[in-house]
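Participant: After the structure tokens below, expect a handful of questions from me.
The values are calculated or read from the model by the stated rules, or taken from the named source; none is laboratory data. These numbers come from a predicted model, not from an experiment. In this analysis, Cβ positions are derived from the backbone assuming ideal geometry, glycine residues included, and neighbour counts consider all displayed protein chains. Accessible surface areas use protein heavy atoms only, side chains included; no ligands, DNA or RNA. Shrake-Rupley method; radii C 1.70, N 1.55, O 1.52, S 1.80 Å.
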Amino acid sequence: MKRIYNDINLASRNSFGVSESARSVVEFDSAEDLREIFGAERPDKWYVLGAGNNTLFTQYYDGVIFTPTCSSLTILSDDAEGVDVRVEAAYDWDTLVAWSVGEGLWGIENLSAIPSSVGAAPVQNIGAYGAEVKDVITTVEYFDVNTLEVVRLSNKECHFAYRESIFKQELRGRAIILAVEMHLSRLPRPNLGYGDVVNEVEARGGATLENIREAICAIRGRKLPDPKVLGNAGSFFKNPIVERSVAERLLSEYPDMPSYAVPNDDNHVKLAAGWLIDKAGLKGYRDGRVGVHENQALVLVNYGGATGGEVIALAKYVSQCVNNKFGVEISPEVNLL
Ligand code: EPU
């Protein structure tokens with residue numbers, strides 16, 4: 001069943017809390033709903049909004065916003081090694097992580113407390129603390145607005161990379177994700193290599209699923225503002241991937257600069273945008289109703305009542321300062337509409 005809302009304010013549907021409106025919002029719960037709509041008259045302009053944690057509305061959206069409401073969880077197979085699970089798009093991501101930890105299943109515990117819906121998770125291949133959702137996804141099922149068919153893509157076909165997937169590239173404007181299938185393991189496989197994680201887990205008595213989840217929630221809670229309290233969309237920028245020579249030049253000037261290897265690519269290095277912004281002197285910077293978060297410079301915040309335009313103006317200023325100081329371009333991770 002679908003529900004249609006015309007001329008609707010989006011403030012409660014985006015974690016930045018900006019008060020822009022849209023021509024219409026359609027909540028749908030099946031491929032049938034989408035087939036009816038796209039089969040009759042294809043909207044001239046449309047966008048899929050999950051829980052709204054990674055989208056910034058910068059102006060009135062003169063188009064149709066599709067939001068899934070289907071949220072079932074089905075166990076597809078279950079044996080001594082692990083479980084295959086199918087989860088529909090509107091299922092809350094962290095509710096899934098809590099369920100998985102409660103069931104003794106490994107694979108997504110490091111992705112605790114990420115504000116997201118399950119359907120949005122593969123789009124930008126959500127990742128944190130050394131894990132990415134691509135590590136557990138087996139299949140993504142989507143509605144193809146051109147053929148009106150439901151299509152299933154294997155993990156490989158999704159072309160996952162750092163904050164990237166086919167859904168942000170070739171299938172942008174064509175796919176509406178309906179469900180994600182994942183394989184979760186019963187065999188313990190703690191992934192504690194990132195930053196403070198190992199110490200936080202040891203302080204809680206060792207590498208159990210519960211301790212890892214608690215540790216991750218604690219680390220995130222210290223650095224990342226709760227969008228229910230302070231409007232934000234997590235990391236506003238992606239960590240930039242630069243030529244090795246650029247990283248070497250910067251490392252000779254700033255030996256303490258964090259840098260990370262890029263898997264299967266020796267010619268490029270990933271830098272920490274949060275560090276660059278911080279070093280550019282902008283951590284805690286505030287301009288009216290918007291600012292750079294005081295504990296994590298990668299996060300831009302709405303102190304209340306800001307428009308999307310104000311956030312974008314701040315983002316431009318931040319990337320300009322970083323470029324002036326380091327000669328490195330940083331680009332938004334957040335979808336801008
Ligand atoms: N840093 C600073 N100052 C800051 C922020 C970071 O010096 O204000 C330094 C840190 O000390 C560290 C490095 O930069 O040496 C990296 O910082 P952090 O571990 O906090 O991670 P991040 O690179 O800033 C990424 C993800 C986060 C994810 C964390 C943990 C991106 C764009 N962001 O942030 O994801 O939680 O790693 O894995 O890749 C998100 O995508 O919304 C998000 C929050």
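Participant: Determine, at each q value in 0.14, 0.15, 0.23 (inverse angstroms), the log₁₀ of I(q)/I(0) that the Debye formula gives when each Cα of region 117-171 is one equal point scatterer.
Facilitator: One equal scatterer on each Cα of region 117-171 leads to -0.34, -0.39, -0.88.
Participant: Where both partners of a DSSP beta bridge lie in the chain, what percent of those bridges are antiparallel, to the nearest 5?
Facilitator: Taking every DSSP beta bridge with both residues in the chain, the antiparallel ones total about 80 percent.
Participant: What is the mean projected area of the alpha carbon convex hull for region 1-125, to one decimal in square nanometres?
Facilitator: 8.7
Participant: Taking R0 as 41 Å, what's the FRET efficiency between residue 226 and residue 186 from their Cβ-Cβ distance, rounded to 0.05?
Facilitator: It comes out at approximately 0.80.
Participant: For region 73-185, with the dipole built from +1 on Lys and Arg beta-carbon atoms and -1 on Asp and Glu ones, taken about the Cα centre, which of 111, 173, 184 lies farthest toward the positive end?
Facilitator: Of the listed residues, the answer is 173.
Participant: Return one whole number: the accessible area per residue of the chain in Å², for a 1.4 Å probe.
Facilitator: So the chain comes to 45 Å² accessible per residue, rounded to a whole number.
Participant: In addition: Which is farthest toward the positive dipole end of region 3-68 among 17, 48, 4, measuring Cα position about the Cα centre, with Cβ charges +1 (Lys, Arg) and -1 (Asp, Glu)?
Facilitator: Farthest towards the positive end: 17.
Participant: Under a Cβ-only charge scheme (Lys and Arg +1, Asp and Glu -1), can you give me the dipole magnitude of region 231-336 about the Cα centre, in debye to the nearest 20? Before the final figure, lay out the partial values.
Facilitator: Details: 10 positive and 12 negative charges, 55 e Å.
Result for region 231-336 is approximately 260 debye, rounded to the nearest 20.
Participant: Return the whole-Å distance between the Cα centroid of region 185-202 and the Cα centroid of region 123-140.
Facilitator: Answer, in whole Å: 17.
Participant: Any idea how far apart residue 244 and residue 331 come out in nm if each label point goes 7 Å out from Cα toward Cβ?
Facilitator: 2.3
Participant: Straight-line reach from residue 270: which lysines fall under 27 Å, measuring Cα to Cα and dropping same-chain residues less than 8 apart?
Facilitator: Within the straight-line limit of under 27 Å, residue 270 reaches these lysines: 134, 156, 168, 223, 238, 279, 283, 316, 325.
Participant: Within region 197-218, list the residues whose amide N lies under 14 Å from a label point set 7 Å along Cα→Cβ of residue 295.
Facilitator: Residues passing the 14 Å test: 215-218.
Participant: Also, quick follow-up: Give the Debye-formula value of log10 I(q)/I(0) at each listed q (0.19, 0.21, 0.24 Å⁻¹), with one equal scatterer per alpha carbon of region 262-337, two decimals each.
Facilitator: -0.79, -0.92, -1.13
Participant: In region 177-219, if every C-alpha pair distance is counted and binned at 10 Å from zero, what percent goes to each bin?
Facilitator: Percent of Cα pairs in each bin: 27, 43, 23, 8.
Participant: In whole Å, what is the distance between the alpha-carbon centres of region 62-115 and region 285-337?
Facilitator: Taking the Cα centre of region 285-337 as reference, the centre of region 62-115 is 31 Å away.
Participant: Residue separation times 0.36 nm, minus the C-alpha to C-alpha distance between residue 42 and residue 146: what's the value?
Facilitator: The span from residue 42 to residue 146 would gain 36.5 nm if fully extended.
Participant: Within 10 Å of each candidate Cβ there may be at most 15 other Cβ atoms; applying that plus a DSSP loop requirement, which GluC sites (Glu not before Pro) in region 87-162 survive?
Facilitator: 103, 149
Participant: Same structure again: Where the accessible area of the chain is counted over protein heavy atoms with a 1.4 Å probe, how much of it, in %, is carbon and sulfur?
Facilitator: After summing per-atom areas, the C and S share lands at 48 percent.
Participant: Further question on the same structure: Using a simple charge model, +1 on the beta-carbon of Lys and Arg, -1 on the beta-carbon of Asp and Glu, nothing else, what dipole does the chain show about its Cα centre, in debye to the nearest 20?
Facilitator: In debye, rounded to 20, the chain gives about 940.
Participant: Calculate the translational D of the chain in whole µm² s⁻¹ from Stokes-Einstein, where the hydrodynamic radius comes from the Kirkwood formula applied to all Cα pairs, the temperature is 4 °C and the viscosity 1.567 mPa s.
Facilitator: 62
Participant: Let me have the relative contact order for region 231-336, percent, based on Cα pairs under 8 Å that are six or more residues apart.
Facilitator: RCO, region 231-336: 32 percent.
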